[in-house]
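Participant: One structure coming up, written as structure tokens, with questions to follow.
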Amino acid sequence: MDVQGEVVAFLSTPAAYGLPPGSAIERIDTHISIVWLARERVYKLKRAVTFDYVDFSTVELRRAACEAEVRLNRRTAPRLYLGVLAVTHEADGSLALGGRGQPLDWLVEMVRFDQGALFDRLAERDALDIGLMDGIADAIARLHATAEPRTDHGGRNGIAWVVEGNARAFTEQLAAGPEREIANRVTAGARGAIARHATLLDARRAQGLVRSCHGDLHLRNICLLDGTPTLFDGVEFNEKISCIDVLYDLSFLLMDLWRRELRAHASAVFNRYLTQTGDLGGLPLLPLFLSCRASVRAKTSAAGSRVQPPGPRLRELQTATREYLMLADGLLRPSPPRLIAIGGFSGSGKSTLARELAPQVGAPPGALILRSDLIRKQQLGVAPLTRLGPEAYGRDVTERVYGTIVDRARDILSKGQAVIADAVYSSPADRDAITAAAREAGVPFLGIWLEAAPAIMAKRISERRADASDATPFVLDLQLRSGGGPGDWALVDASLDRAYVLERAQRLL
């Protein structure tokens, strides 16, 4: 028996973990690792394999990979990653975990958690709370903010490596026919996008936006740990996969959510991340990045289907290959941008409607929301939930807020993404300015004015919790006294339930 085979046989026995015979041990196999779940611990062994993207052929390389995995993943999940543990050959000829003998191989030791808390499992049960999306986006933004910049990776050459690797795999794995035709179209489209955006790709690398990222940021690698969304199992074995543009890192999660029809979730992550980072410069790259992520999934699904015996799993992988290819193709041909402005007095439901419309507007993962309440807090340098006094709502501050919305809307529209502007817009001058922004950008414009009974708006304001708005019933009263109205914008009765308001807005679109 080869040495690693002996180690695998040992780790597959309850005795390895000090358990009595017959005790349950769960084993999970992938093409590059084997994972054992025993009691409250997880032990991960790197397989002695070599592929074009990974080399675990020697004990020394596997130990280095284990150490790198622990180091990199402790950035986001320090409680999960306990360290590196040796499987040793003892003097009496037995094997032991962390013994005193000669190390035969190395493991990553982790804390075991409920597998039902994995975000892909939650999504499959329709139990992935959209309220968790802010926490995910914040965790990703923190990782990207502190990750090491890597100017030796990424840029035009980095994403071309991904596209060409996908292209080779499609040629090898897909038979001639409709799927091969789609794959060829995706490859040609991705190459064209790289050529168009080569300068931007390299500029972002020079700006430090290619960093030592997670690299495999999909739902299966996020879990709910003590109520907190936690990123884990980032890529340690190939820097070409992990040292990437931060927006390409984010794109894996956005694509995964979009493909699962969790489009409101994808929109929530997208908006929160860009609100936290302000990284609007990479928006023209988003169709390419999202498509590349879907293509990678198509490639891995096709590879899996080639070694799968006939049965349900084979059919599942074949379906996934086809669906990912179609998604990759569609993502390279996004819907054109447009500008929607939603006005109305405080409590009329502007922000709720903006969130519900965003996933349905423009290119995936939907429109970027420019909310006056958040922009005001940003400009004054305070956290979104910090309460501001009346001085923060003077004419000068308010003019800057509305001017910023117009400027950002122009910028975002020019980069191909749709915009929803969420502000009171009781002033004709403010309505004219945002309308002009759409006209100058050459995109369709829709202005919506939400109108509700004062008592209903006041009740909604009183019931708000953890919201960026500083409005109170007193502020609403001042707005009503000051007047203002829809002008030539479409009027929607927002006194009725959310479903009616959303349907009315969709009809206007």
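The values are calculated or read from the model by the stated rules, or taken from the named source; none is laboratory data. Owing to the predicted nature of the structure, the values given are computational and were not obtained by experimental measurement. Neighbour counts run over all protein chains shown; Cβ positions are idealised from the backbone, glycine included.
Participant: Go through the residues of the stretch 55-65 one by one and say whether even a single one is of a type in the set (S, T, Y), within 25 Å of the chain's Cα centre (by Cα) and closer than 24 Å to N238 by Cα. Lay out the reasoning, then the answer.
Facilitator: Filtering the stretch 55-65 for residues of a type in the set (S, T, Y) gives 57-58.
Still in the running and within 25 Å of the chain's Cα centre (by Cα): none.
Scanning the stretch 55-65, I find no residue that is of a type in the set (S, T, Y), within 25 Å of the chain's Cα centre (by Cα) and closer than 24 Å to N238 by Cα, so the answer is no.
Participant: In this structure, is R272 crowded, with 18+ Cβ neighbours inside 10 Å and either under 15 Å from I140 (Cβ atoms) or not hydroxyl-bearing (S, T, Y) (or both)?
Facilitator: Values: crowded, with 18+ Cβ neighbours inside 10 Å: yes; either under 15 Å from I140 (Cβ atoms) or not hydroxyl-bearing (S, T, Y) (or both): yes.
Criteria met by R272.
Participant: Can you tell me how many residues in the stretch 383-402 are among the hydroxyl-bearing types (S, T, Y) and under 17 Å from A421 (Cα atoms)?
Facilitator: So in the stretch 383-402, the residues among the hydroxyl-bearing types (S, T, Y) come out as 386, 393, 398, 402.
From what's left, under 17 Å from A421 (Cα atoms): 398, 402.
Residues that pass the stated criteria total 2.
Participant: Just give me the residues in the stretch 49-76 being among the hydrophobic types (A, V, I, L, M, F, W, C) and out of contact with any Leu (no Cβ under 9 Å at 6 or more places or on another chain), in sequence order. Break it down into steps so the answer makes sense when it comes.
Facilitator: Filtering the stretch 49-76 for residues among the hydrophobic types (A, V, I, L, M, F, W, C) gives 49, 51, 54, 56, 59, 61, 64-66, 68, 70, 72.
Hits for the stretch 49-76 are V49, F51, V54, F56, L61, A64, A65, A68, L72.
Participant: Still on this structure: Tell me which helices (runs of 4 or more DSSP H) are completely within the stretch 450-509 and hold 2 or more residues being surrounded by fewer than 13 Cβ atoms within 10 Å (Cβ to Cβ), in contact (Cβ under 8 Å) with a residue 12 or more places away in the chain and of a type outside the set (A, V, I, L, M), or say none if there are none.
Facilitator: Numbers: elements: 454-463, 473-482, 498-508.
Counting at least 2 such residues, we get 498-508.
Participant: Same structure, new question: Condition check: outside the structural domain of C243 (by TED's automatic domain parsing), over 28 Å from the mean Cα position of the chain (by Cα) and under 23 Å from C223 (Cβ atoms). Does R75 satisfy that?
Facilitator: Numbers: outside the structural domain of C243 (by TED's automatic domain parsing): yes; over 28 Å from the mean Cα position of the chain (by Cα): no; under 23 Å from C223 (Cβ atoms): yes.
Spelling it out, it is not the case that R75 is outside the structural domain of C243 (by TED's automatic domain parsing), over 28 Å from the mean Cα position of the chain (by Cα) and under 23 Å from C223 (Cβ atoms).
Matching residues to (1) more than 23 Å from A65 (Cβ to Cβ); (2) modelled with pLDDT under 95:
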{"site": "V84", "(1), (2)": "no, no"}
{"site": "A91", "(1), (2)": "yes, yes"}
{"site": "R100", "(1), (2)": "yes, yes"}
{"site": "R121", "(1), (2)": "yes, no"}
{"site": "I130", "(1), (2)": "yes, no"}
{"site": "A141", "(1), (2)": "yes, no"}
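Participant: Among the numbered conditions (1) touching a residue at least 60 places away in the same chain (Cβ under 8 Å); (2) surrounded by fewer than 21 Cβ atoms within 10 Å (Cβ to Cβ); (3) under 17 Å from G131 (Cα atoms), tell me where L257 comes up short.
Facilitator: (2)
A quick yes/no check of all residues on (1) outside the structural domain of R47 (by TED's automatic domain parsing); (2) over 22 Å from the mean Cα position of the chain (by Cα); (3) crowded, with 17+ Cβ neighbours inside 10 Å:
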| site | (1), (2), (3) |
| --- | --- |
| V108 | no, yes, yes |
| A127 | yes, no, no |
| L132 | yes, no, yes |
| A147 | yes, no, yes |
| A167 | yes, yes, yes |
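Participant: Something else now. Of the residues that make up the stretch 92-115, is at least one in contact with a helix residue (DSSP H, G or I) (Cβ under 8 Å, 6 or more places away or on another chain) and acidic (D, E)?
Facilitator: yes
Participant: Just to be sure, is L317 surrounded by fewer than 24 Cβ atoms within 10 Å (Cβ to Cβ), assigned by TED's automatic domain parsing to the domain that holds R259, over 23 Å from G442 (Cβ atoms) and in contact with a Ser or Thr (Cβ under 9 Å, 6 or more places away or on another chain)? So that I can check it myself, show each step before the final result.
Facilitator: On the way: surrounded by fewer than 24 Cβ atoms within 10 Å (Cβ to Cβ): yes; assigned by TED's automatic domain parsing to the domain that holds R259: yes; over 23 Å from G442 (Cβ atoms): yes; in contact with a Ser or Thr (Cβ under 9 Å, 6 or more places away or on another chain): yes.
Judged against the criteria, L317 is a match.
Participant: Take the stretch 164-191 and flag every residue that is farther than 17 Å from S301 by Cβ and either out of contact with any Lys or Arg (no Cβ under 8 Å at 6 or more places or on another chain) or among the hydrophobic types (A, V, I, L, M, F, W, C) (or both). Steps first, please.
Facilitator: Step one: of the stretch 164-191, the residues farther than 17 Å from S301 by Cβ are 164, 176, 181, 184-185, 188-191.
Within the stretch 164-191, E164, A176, E181, N184, R185, A188, A190, R191 qualify.
Participant: Would you mind stating whether A64 is buried (at least 18 other Cβ atoms within 10 Å of the Cβ) and under 19 Å from M110 (Cβ atoms)? Explain how you work it out, then say what you get.
Facilitator: Values: buried (at least 18 other Cβ atoms within 10 Å of the Cβ): no; under 19 Å from M110 (Cβ atoms): yes.
No.
Participant: Only residues in the stretch 359-385 that are without any contact (Cβ under 8 Å) to a residue 60 or more places away in the chain and in the same structural domain as A466 (by TED's automatic domain parsing) count as the first member; pair them with residues that are hydroxyl-bearing (S, T, Y) and not in a helix (DSSP H, G or I), Cβ under 7 angstrom, at least 6 apart or cross-chain, and list the lot.
Facilitator: As it stands, the answer is G362/S335, since those pairs meet every condition given.
Participant: Quick one: count up the residues across the stretch 384-432 that are of a type outside the set (D, E, K, R) and assigned to a loop (DSSP other than H, G, I, E, B).
Facilitator: From the stretch 384-432, those of a type outside the set (D, E, K, R) are 384-386, 388-390, 392-394, 397-398, 401-406, 409, 412-414, 416-421, 423-429; that's our starting set.
Add one more test, that the residue is assigned to a loop (DSSP other than H, G, I, E, B), and what stays is 384-386, 388-389, 394, 416-418, 423-427.
Total meeting the criteria: 14.
Participant: Do you know which residues across the stretch 320-334 are surrounded by 14 or more Cβ atoms within 10 Å (Cβ to Cβ), touching a residue at least 60 places away in the same chain (Cβ under 8 Å) and within 21 Å of P359 (Cα to Cα)?
Facilitator: Passing the criteria: E323, Y324, M326, L327, A328, D329, L331, L332, P334.
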